[in-house]
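Working notes, structure below.
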Amino acid sequence: MSVTDTHRAVDAVWRIESARIIASLARVVGDVGLAEELAQDALVAALEKWPATGIPANPGAWLTTIAKRRAIDRFRRARLSERARRSLAIDLEGTRPEPEPDEVRDDLLRLMFTACHPVLSTEARVALTLRLLGGLTTGEIARAFLISESAMAQRIVRAKRALTREEARFEMPSGDELAPRLNSVLEVVYLIFNEGYSATAGDDWMRPALCEEALRLGRILAGLAPQEAEAHGLVALMEIQASRARARTDADGEPILLLDQDRRRWDRLLIRRGLAALRRAEELGGLRGPYTVQAAIAACHARAATAGETDWVRIAALYEVLVRLTRSPVVELNRSVAISMAFGPDAGLEIVDELVADGSLENYHLLPSVRGDLLSRLGRAAEARTEFEKAAALTRNARERAVLLRRAETCAREMVCESGA
């Protein structure tokens, strides 16, 4: 095997094994940042040795062993007491039995909860999750979020320092802490997915690699916490939304909106998986969580063979539930779209105008975009054009801007036709 092939193999192994290695080390050393450094040392050793020796039969075990040896060396240099060093050696040198599956599961859950710790900013949680659980390099994360590698490196370093400074324990939250901590993990995974599904900035409409990573993390989380309804609800939502990926752009990468998509191109396997996850979520918790409710909305679209068969009345009712759960103006904006489809654009516009008056979505580009669409459907082309132009000025995504400007041009042509009639 060539050096290049070996490096590709090392990278593949790292993506698969890194989270487990870091999690098992963090349980022993008590510091996620240190655990990641030790795992990275093992990765460097693999890059140096495997081209000459070949890939070992159990590469994950090899990396774990090297990381444990690095930990022993580090603690020896730290001059810990003999008793503490011996205790660590028992665990790190492999004289204890191999961890049980439940122990591995708990370690990975602890790592997820630690990476998404409430002492960190949302941006830091996302970056640390992709780094520790996704096995992505700093450069890969930086490119995904369109910032410099040095800025992303600083963000990750600050996040790890914050965990150490705040003495964030590598543990499973319990009692009253569990629900908000789990919500933090779910939020981070969905933020990663959303950035891949509808990129907030840049030249691409989607970033599929981020969608795939979020799906992988969501599936892992649902497997680690099988009794948590919202974990299954989130997986259901992402599976169903991801099923539309092939139909969301044309051959040139231009966006195709939901109602215009060729539903024959939707991935039926992902839809089946999503509907199965939704059933599991509903069995565990009904429609009491926001991700499960959003998945139920997505399922209405997935079950409709054509756009015209969509059950908009049910979708509007589900959005009513979601508004009560989240109290989010963005959800209220989405509800306005469903209301307009179920009961007419006037009904939707009434909700949108209330949101405009409220001012909470003043700089959110989808507010004028939705208002422009409703005005266009009502035949108010001049007002719609203004709204589409405003939305185009607010968005940071080049593909989306182009779509909005085309809609503004269409309104302009309609105005010319009306004036000449």
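Values in this text are rule-based calculations from the coordinates and carry no lab data. Fair warning: this is a prediction, and the values are worked out from it, not measured in the lab. Reconstructed Cβ throughout: ideal geometry from the backbone, glycine too, with neighbour counts over all protein chains shown.
How high is the relative contact order of the chain? Use alpha-carbon pairs under 8 Å, at least six apart in sequence, and give a whole percent.
In percent, rounded to a whole number, it is 10.
For segment 316-421, how big is the tail of P(r) above 23 Å, as a whole percent of Cα pairs?
So the pairs more than 23 Å apart make up 29 percent of the total in segment 316-421.
Give me the net charge for the shell around Phe113: Cβ to Cβ below 9 angstrom, other residues only, Lys and Arg +1, Asp and Glu -1.
+1
Once the Cα gyration tensor of segment 259-318 is found, what semi-axes does its equivalent ellipsoid get, as square roots of 5 times the eigenvalues, in whole Å, sorted largest first?
21, 15, 7
Starting from the alpha-carbon convex hull of segment 331-384, give the projected area averaged over all orientations, in nm².
Its average projected convex-hull area is 3.3 nm².
Which cross-chain or sequence-distant (5 or more) residues have an amide H under 5 Å from the amide H of Leu287, H modelled 1.01 Å from N in plane?
Here the answer is none, since no amide H 5 or more places off falls under 5 Å of that of Leu287.
Could you work out, for the chain, what percent of all Cα-Cα pairs fall into each 20 Å distance bin, beginning at 0 Å and stopping at the bin that holds the largest distance?
Computed distribution, short to long bins: 22, 51, 22, 4, 0.
State the Cα centre-to-centre distance between segment 189-229 and segment 9-62 in whole Å.
After rounding, the separation between the Cα centres reads 24 Å.
What do you get for the angle between helix 329-343 and the principal long axis of the chain? Use alpha-carbon atoms, 0 to 90 degrees, nearest ten.
So the inclination is approximately 40 degrees.
Eigenvalues of the Cα gyration tensor times 5, then square-rooted: what semi-axes does that give for segment 185-235, in whole angstrom, largest first?
Rounded to whole Å, the semi-axes are 24, 9, 6.
Which of Asp346, Asp260, Asp106 ends up with the largest GNM mean-square fluctuation for the chain, with Cα atoms connected below 10 Å?
In this elastic network of the chain, the residue with the biggest mean-square fluctuation among Asp346, Asp260, Asp106 is Asp260.
Nearest 10 degrees is fine. How inclined is helix 366-377 to the longest principal axis of the chain, computing both from alpha carbons?
Helix 366-377 sits at roughly 30 degrees to that axis.
Rounded to the nearest whole Å³, what is the per residue volume of the convex hull around the Cα atoms of segment 363-421?
57
Just from its helices, what would the mean residue ellipticity at 222 nm be for the chain, if runs of 4 or more DSSP H residues each count -39500 (n - 2.57) and the sum is divided by every residue, rounded to the nearest 500 deg cm²/dmol?
-24000 deg cm²/dmol
Give the cross-link partners of Lys160 among the aspartates and glutamates, using a straight C-alpha distance below 12 Å as the criterion and excluding same-chain residues fewer than 8 apart.
Those aspartates and glutamates meeting the cut-off are Asp31, Glu36, Glu37.
For the Cα atoms of the chain, what angle does the longest principal axis make with the long axis of helix 82-92, in degrees from 0 to 90, nearest 10?
Tilt relative to the chain: about 60 degrees.
For segment 304-320, just list the computed ³J(HN,Hα) in residue order, Karplus coefficients 6.51, -1.76 and 1.60, θ = phi - 60°, integers in Hz, with x standing in for Gly and Pro.
8, 5, 9, 4, x, 8, 5, 7, 5, 5, 5, 4, 4, 5, 5, 5, 4
Take peptides 59-67, 239-247 and line them up by average Cβ neighbours within 10 Å, highest first, as a rough protection proxy.
Descending mean neighbour count gives 239-247, 59-67.
Could you tell me the largest-minus-smallest coordinate of the C-alpha atoms of segment 238-290 on each of the three principal axes, in descending order and whole angstroms?
Result for segment 238-290: principal-axis Cα extents of 42, 21, 14 Å.
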